[in-house]
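Following: one structure in structure tokens, then a few remarks.
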């Protein structure tokens, strides 16, 4: 598989605390890579490094390299707004804007200069279809996004991220606040989206990682303990700490 994201000797500090220690890995394109590990192990910190969301936290310092499609993202010349267009993110809690369903999806394209109604209509429909939501909301596009269910809101947030045509979709525990049926819909959606997008997901749910990801990375205390294709990592882990974690001995 071709690597879209290349991480090399990455160290990240919050003030004096080192949250990531010498992380090196390649993330393949058009596949699902899952980050697992106990709370506070660094998986969400690394995820947020991929679109520089950690820039928003005071005292953050990064050393090492992250390249996306061969381009170093940790430079002063990097257009962070453009980076976040290329690397979309879906958070743990659905966070639709207090606007209509239509305006939530049209927001990003408008921001990047698309104002033609016909073009926006096409983009909104395409994005909602990609997020498996169109059939449920097509007759209610003017309705407030805050009035639909939590699972629908999360799929709307995915549609909103897809509307600006990203290369990468980051998912930070994006089903942990949802009921089992909504979770299953998002998992099925992820399986479809990986044909078009590179997906990196943080999950506490090891069954979810086993079900939907192609590769899994196990983190512990800010370090990568093991990185392998998902089936291998769960069936024959090479590190005892991985085996202890996935068998429930800690975490």
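The values are calculated or read from the model by the stated rules, or taken from the named source; none is laboratory data. Everything quoted here is computed from the prediction, not taken from an experiment. Here the Cβ is made from the backbone with ideal geometry for all residues, glycine too, and neighbour counts use every protein chain on show.
For this structure, a couple of remarks:
- Flag not set for residue 113, criterion: at pLDDT below 95 and within 30 Å of residue 184 (Cβ to Cβ).
- Strands (runs of 3 or more DSSP E) contained entirely in segment 162-251, each with at least 3 residues that are buried (at least 21 other Cβ atoms within 10 Å of the Cβ): 168-172, 198-202, 215-220
- Tally of residues being more than 22 Å from residue 229 (Cα to Cα) and crowded, with 22+ Cβ neighbours inside 10 Å across segment 31-44: 0
- Considering (1) under 26 Å from residue 187 (Cα atoms); (2) under 17 Å from the mean Cα position of the chain (by Cα); (3) at pLDDT below 95, the lone condition that residue 82 does not fulfil carries the number (1).
- Residue match in segment 74-83 (condition: crowded, with 21+ Cβ neighbours inside 10 Å and under 20 Å from residue 202 (Cβ atoms)): no
- Residue within segment 51-68 that is surrounded by 21 or more Cβ atoms within 10 Å (Cβ to Cβ), within 24 Å of residue 206 (Cα to Cα) and within 19 Å of the chain's Cα centre (by Cα) present: no
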